[in-house]
1. When the Karplus curve 6.51 cos²θ - 1.76 cosθ + 1.60 is applied with θ = phi - 60°, which whole-Hz ³J(HN,Hα) does each residue of the range 80-89 get, with x for Gly and Pro?
2. Connecting C-alpha atoms closer than 10 Å in a GNM of the chain, tell me which of GLU221, GLU95, GLU26 has the biggest fluctuation.
3. Regarding the range 93-161, what is the average projected area of its C-alpha convex hull, in nm²?
4. Can you find, among THR200, LEU232, LEU278, the residue sitting farthest towards the positive end of the charge dipole of the range 177-295, where Lys and Arg contribute +1 and Asp and Glu -1 at Cβ?
5. For ARG270, put the label point 7 Å out on the Cα→Cβ axis and report which residues of the range 145-186 keep their amide N under 13 Å from it.
6. Summing Lys, Arg as +1 and Asp, Glu as -1, what charge do residues with Cβ under 12 Å from the Cβ of GLY318 carry, GLY318 excluded?
7. Report, by chain and number, residues whose modeled amide H sits under 5 Å from the one on ARG397, excluding near sequence neighbours (fewer than 5 apart, same chain).
8. Suppose every K and R has +1 on its Cβ and every D and E has -1 on its Cβ; what is the size of the dipole of the chain about the Cα centre, in Debye to the nearest 20?
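The values are calculated or read from the model by the stated rules, or taken from the named source; none is laboratory data. Source: prediction; values computed, not measured. All Cβ positions, even for glycine, are placed from backbone atoms using ideal geometry, and neighbour counts span all protein chains on display. Protein only, heavy atoms only, side chains kept; ligands, DNA and RNA dropped before computing areas. Shrake-Rupley method; radii C 1.70, N 1.55, O 1.52, S 1.80 Å.
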Amino acid sequence: MNAPGSVVRTATATPPEQVFDWLDAEAEKRAEAGLVRRLRPRTAESAELDLAGNDYLGLARDKRVAGAAAAAALRWGAGSTGSRLVTGSTELHAELEHELARFTGAQAALVFSSGFTANLGAVTALSGAESAIVTDKYIHASLIEGCRLSRADVAAVAHADPAAMRHALATRRKARALVVTDSVFSVDGDLAPLPELAATCREQGAALLVDDAHGIGVLGEGGRGAVHEAGLADAPDVVTTITLSKAFGAQGGAVLGPRRVIRHLVDTARSFIFDTGLAPASVAAAQTALGVLRAEPELATNVRAAAGNLAERLGAAGFIVSTPAAAVVSVRAPGPEDAVAWAARCAEQGVKVGCFRPPSVPDGVSRLRLTARADLTEADLDKAVGVITETAPRGAR
């Protein structure tokens, strides 16, 4: 029954061809803001110098890694055939989990189909309606989505600021708490103050979840990651998530941490329970890449050196450049349209670079995002710096 004087609105049927008309209006808004994204399929062989991908150690095309993937596909099949709890968990998965835990110093590991699903599973399973989550405001989108799905009280605080974390934890309304951060942030490549954050968590009775996607394989002893470097890999109150698609050149993700955390994820993480298991070819590729890194720990040193060299030379050329903690280097652009055009001109000159614009960058500043690799040569670095300098828009330096 309607209240006296209220207006009764009668729904009218929208013609099928007009149901999605609102998408056109949204597309126009994105175009006006310079935020249109396009898929650009690449060929199997390219002459471009790739500074846009995340193949930090240059292992994605390594014959040992690719050969292991091919052999696993022939032996185990093209896919895992089901969720990990049904038919999708192979002996390869168990071996990789054991080796990842042993390499990083964690008690146990659990492999997911991607780093994104690993983050979703870890955040949601380790929080809930009776929890508070405090995050760095620059965390990766996958962690943000996990927070949104968690039903927890969520507070995002100032970037890389333990004092802000401490205040948010001290004033929380829920007894249980989880702090969430990247180790190396994906936009500027800067490093979170992990020892200070861990101390703050312990002071305030909170757990710490660290996404080490950009640290594993690059930072720490032999590439064991930022969490290992901070002395937190075997801590009873710290959980680490990683991806297998960057330094390991493969596909997939994993959660590392205390055994009881891993058991809890197997029972409760929906992005693990209801997702098809990682394909055996990707598991074998990651396992082989891990073996290569163990045998050639200098790969981690080489990629850091290449990133530092790239940043130093671009800074000397007058650009505003981030100081890389790992493999990521960002170069500021005057605006989103300038960044897109700059990246396109670089590609025309044979150098592929990333282009980050709002809303992908939380501070609203557009950038070129460059990723170093362990196999970059001096000639590669010369070409990259030369092309970026020659194609720079007005106002870039």
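1. 3J(HN,Hα) across the range 80-89, in whole Hz: 7, 6, x, 5, 4, 8, 10, 10, x, 9.
2. Between GLU221, GLU95, GLU26, it is GLU26 that shows the largest mean-square fluctuation.
3. Working: hull surface 22.0 nm².
Mean projected area for the range 93-161: 5.5 nm², to one decimal.
4. Farthest towards the positive end: LEU278.
5. Residues passing the 13 Å test: 146-152.
6. Details: positive: ARG313, ARG332, ARG397; negative: none.
Neighbourhood net charge equals +3.
7. Hits under the 5 Å cutoff: none.
8. Details: 41 positive and 45 negative charges, 128 e Å.
Charge dipole of the chain: 620 debye, to the nearest 20.
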